[in-house]
Amino acid sequence: MSKPLSRTLSSDEVERFGAEVDALRARTVADLGARDARYIRNIHAAVRYSEALGRIMLMAAFFLPEAWVFLTAAAGAVILGLSKILDNMELGHNVIHGQYEWMGDPRFNGKNFEWDIAGSSENWRKTHNFRHHTYTNIHGMDEDLGYGVLRLFPEQKWHPARLGQPLYALIFALLFEWGVAIQELRLGRWLTGRITRQEMGRIAHPALLKIRRQVVKDYLVFPILAGPGFLTVLAGNAVANVIRSLWTYTVIFCGHFTTDVVTFPKSVLKNDSRAAWYVRQVAASSNLSGGFLLNVLTGNLSHQIEHHLFPDVPANRYAEMAVQVREICARYGQHYNTGSMVKQFGQVLWRILRHSFPSQPATMRRSLQAK
C-alpha cells in the first residue's frame, strides 16, 4: 500500500488552516472550568491512593501464607506500576506543560511540579516542552528523533553498529526512565572532549540529585521499611518501574515513529509561521484509536496530534477536540494519522528493524535513479 500523502498547501491555505486551529483552541480555553479541575484532582487522588495500595501490598506480601506471597507481590507491583504510569502520563506530563495553571492550585503549577521518575521536571521542560515541541521532527534540532540511541529515519547517518539496533531498542525500552533522566546531559559532548569533566559534573549535578532521590526512595527507604520483606519490596519496585518504562516507551514511539510521520530539514525554519508550525505538527504525529481507559493511561497521548497542536490545553479535552481537528485536516487534505496500538507499534518495530540497515532518504534515491 502506498503511503498516504497530505496535499501541499499554498501560503494562503496554510494561514487559513492555522486560523481554524487557533479558533478551536480559543473556544476550548474559553470553556475550561469546573469539570476540568475536577478531572485533574481526581487523577491526583487516583495516583496517591493507587501508590499507597501498591506499596502496602508489596510490604504485606512477605508476611502472608506462602501460597499468597507471589500473587500479592505481583499484584502490588502491577498496581504500583499503573500508579507510576498515571503519575507520569496523565498527571506529571500534562501539569508540567502548564495545562492547569489557570486553576491557581499550587499542586498543579507546572513550574514547580516534580514527578515520580528519575528524570527531573526541570530537565524535561528543556528537552521536551521547549526543544521537542518547538522543533518537532526537525533533524539536528529535535533530540527525540531516536534519542541519540536509535536510527529511525533514513536521513540519520548509518554506521555498522546500527546492526545491533533491535537489541539496543529493547534495552532502551526497559531502561527508558533512565534514558529520559540523562537526555539533557548530552553525554556525547563529554565523551568526545567538547566539555571538560568538571563542566560535565556541574551540568549533571541537579540531574544526579534527582536520580539519587529516586534510587533511595524505591530501592532503599521502602525496602528497609518492609523489614524482612526487603527483597520482595525491592523486586516489586523494580518491576513497577520497568512496567512504567515499557508503557511510556510504547506510547511515545507510537506517537512519533510510525510509518506515515514526516521529518523535516532545518530549512523549514526560514520564514516560519505559527500556522506552518501547526501543519508540521499534524504531519509529525500519530494517534492511537481506543476508548477512555486508553486515553487516561496514555495521558491522552493517544491524541498525540492534538497534544502537539495544543500542548498547554488540558489533555482531557483532546478527545472532543480531535473530532474537529480531523474535520479541519480533511478539508485541507492533510493526512490524519491514526490507528490501533497494535498497528502503530508494529510500524514502529518495522522502522527500528529497517533502519538498522543502510538506507537513503527518498530525495537521494530519486536523484540517484535519475542519473
Worksheet item: How big is Rg to Rh over the stretch 88-228, alpha-carbon atoms, Rh as the Kirkwood inverse-mean-distance radius?
Response: 1.01
Practice prompt. Compute the FRET efficiency between residue 199 and residue 122 as 1/(1 + (r/R0)^6), taking r as their Cβ-Cβ distance and R0 = 25 Å, and round to the nearest 0.05.
Written response: 0.85
Worksheet entry | Under 29 Å, Cα to Cα: Lys pairs in the chain, sequence gap 8 or more or different chains | 23
Worksheet, complete the sentence: Dividing the mean separation of Cα pairs under 8 Å (6+ apart) by the residue count of the stretch 48-87 yields a relative contact order in percent of 53 percent
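Set the Förster radius R0 to 41 Å, insert the Cβ-Cβ distance between residue 134 and residue 70 as r into 1/(1 + (r/R0)^6), and round the FRET efficiency to 0.05.
Working: r = 47 Å, r/R0 = 1.15.
Approximately 0.30, to the nearest 0.05.
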Practice prompt. Give me Rg over Rh for the stretch 147-220, both radii from the alpha carbons and Rh done the Kirkwood way, two decimal places.
Written response: 1.04
Practice prompt. Mind checking which of 238, 304, 251 is farthest towards the positive end of the stretch 180-329's charge dipole, using Cβ charges of +1 (Lys, Arg) and -1 (Asp, Glu) about the Cα centre?
Written response: 238
Worksheet, complete the sentence: Two pseudo-spin positions, 7 Å from Cα along C-beta at residue 341 and at residue 19, lie apart in nanometres by 4.1 nm
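Compactness ratio of the chain: Cα Rg over 2.2 N^0.38 Å, N = residue count? The partial results should precede the final answer.
On the way: Rg = 21.9 Å, N = 371, 2.2 N^0.38 = 20.8 Å.
Taking N as the residue count of the chain, the ratio is 1.05.
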Worksheet item: Distance in nm between label sites at residue 289 and residue 330, each 7 Å beyond Cα in the beta-carbon direction?
Response: 1.4 nm
Response to the item:
Shape descriptors of the stretch 269-336 over alpha-carbon atoms, Rg and Dmax in angstrom, are 12.3, 41
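Just so you know, all these numbers are worked out from the coordinates, no wet-lab data involved. Model, not experiment: these values are computed from the prediction. Note that we place each Cβ from the backbone using ideal geometry, even for glycine, and neighbour counts take in every protein chain shown.
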